[in-house]
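The values are calculated or read from the model by the stated rules, or taken from the named source; none is laboratory data. Computed from a predicted model, the values in this text were never measured in an experiment. Here the Cβ positions follow ideal geometry from the backbone for every residue, glycine too, while neighbour counts run over all protein chains shown. What goes into the accessible areas is simple: the full protein's heavy atoms, side chains included, and nothing from ligands, DNA or RNA. Shrake-Rupley method; radii C 1.70, N 1.55, O 1.52, S 1.80 Å.
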Amino acid sequence: MINILFAAVTERWDQYENPLKKQLDLLSLKYKLAENLPPDEVDYIIYAPNSSIKDFSVFTSLKAVLNLWAGVEDVVKNKTLQVPLARMVDEGLTQGMKEWVLGHVMRHHLGTDLHVFGQDGQWRDWSAPPLAKNRSVTVLGLGALGAQCAKTLSKIGFKVSGWSQSKKLIENVICYYGSDGLEKSLKDAEIVVLLLPATNETENIINQKTINYLSNKAVIINPGRGPLIDEEALLKGIENGKIGHATLDVFREEPLPENHVFWAHPKITVTPHIASETRPETASKVIATNIDRFEKGQPLLNQVDFKAGY
Ligand code: NAP
């Protein structure tokens, strides 16, 4: 019998219980899945970082933790976690992110705000947007989400560059990597999409220096993590015209405090960490597959490198 603890807020249990059971049954696994189990009997934890579990040391038989979220920045810092950790890569989450990124890139590419907010009797016939092939977009982070977003944007016709830690080959995307590649990837970019994880290396990757690499009036779109951006440098960049707009879905403090300057800033759009979420139907399949693999002695899919922090 495999004992699987579901550790997330109760609304999630309501959404996940049936899809998880369906996928575990399809693999003919013998299991007990519950929100509460004696800690010393738990084999796997399906885990949301906002669950109440913070001390993994009480789970003395634990084999692995399966994260429900793509981001693992808080989990990797938990010293009580001494077993393998898988992050979430889910086709529903990826599809949602592609749609969100494309929508926000298109908003800025087409300049829709001018007409949505500027219906004032003025015939602005100078405002036709350029074609996508004349617009450069850079995606920082070419992992499960970034690579798919870069591909989607290139299919529309944008000039797409990307940046990652290791070398990548993505059709019609100029791929840069390593510390030397950052400046090249950002050079004259008009729209930058941040899909990096929050690690010691990526903190404040958007700072005064890197903002200066961009084209004037560049747009920053951040569905990655709040700490990727040096907030002061961003505000300064907007003030001096280097940044034309920032669309931010994630923040250093969430929920973004009511009195935060971003809320009322005319050149910042705040969305409440809704770019994309893990979808129970597709994510349950990933989780069941990973439990099945681990039980058969195979490595977990999407295993986190604790040292790298993602
Ligand atoms: P992932 O597959 O782990 O990809 C991360 C990418 O960042 C990889 O390409 C990696 O390079 C690159 N990277 C990491 N550190 C780097 C560094 N120091 N220099 C250069 N490149 C670096 O992660 P993912 O699934 O695509 O998710 C990305 C992030 O999106 C998550 O960490 C999470 O923070 C965020 N997210 C947000 C939402 C939302 O609703 N807003 C939803 C889901 C996820 P390599 O490929 O070479 O390793």
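Of note, residue 20 satisfies the criterion of being of a type in the set (A, V, I, L, M, F, W, C) and open to solvent by less than 20 Å² (accessible area, probe 1.4 Å). State all residues of the stretch 130-157 that are open to solvent by less than 60 Å² (accessible area, probe 1.4 Å), more than 15 Å from the ligand (Cβ to nearest atom) and without any contact (Cβ under 8 Å) to a residue 40 or more places away in the chain; if no residue qualifies, say none. Result: 130, 132, 154, 157. Restricting attention to the stretch 269-310, the residues that are in contact with a strand residue (DSSP E or B) (Cβ under 6 Å, 6 or more places away or on another chain) and of a type in the set (Lys, Arg) add up to 0.
Residue 160 fails exactly one of the following numbered conditions: (1) buried (at least 17 other Cβ atoms within 10 Å of the Cβ); (2) assigned to a helix (DSSP H, G or I); (3) more than 8 Å from the ligand (Cβ to nearest atom). What is the number of that condition? Failed condition: (2).
Restricting attention to the stretch 22-74, the residues that are under 19 Å from the mean Cα position of the chain (by Cα), closer than 15 Å to residue 289 by Cβ and polar (S, T, N, Q) total 1.
For the stretch 246-263, the condition holds for no residue, the condition being that it is hydroxyl-bearing (Ser, Thr, Tyr) and assigned to a loop (DSSP other than H, G, I, E, B). You will find that of 223, 255, the residue that is open to solvent by 90 Å² or more (accessible area, probe 1.4 Å) and assigned by TED's automatic domain parsing to the domain that holds residue 110 is 255 and no other. Picking from residues in the stretch 1-59 that are among the β-branched types (Val, Ile, Thr), in a loop (DSSP other than H, G, I, E, B) and at pLDDT 95 or above, the one that is farthest from residue 73 (Cα to Cα) is 42.
Kindly evaluate residue 191 against the criterion of being surrounded by fewer than 19 Cβ atoms within 10 Å (Cβ to Cβ), touching a helix residue (DSSP H, G or I) at 6+ places or on another chain (Cβ under 7 Å) and modelled with pLDDT of 95 or more. No; evaluated as a whole, the condition is false for this residue.
Go through 102, 81 for me and flag whichever is in contact (Cβ under 8 Å) with a residue 24 or more places away in the chain, hydrophobic (A, V, I, L, M, F, W, C) and not in a helix (DSSP H, G or I).
That would be 81, the only listed residue that is in contact (Cβ under 8 Å) with a residue 24 or more places away in the chain, hydrophobic (A, V, I, L, M, F, W, C) and not in a helix (DSSP H, G or I).
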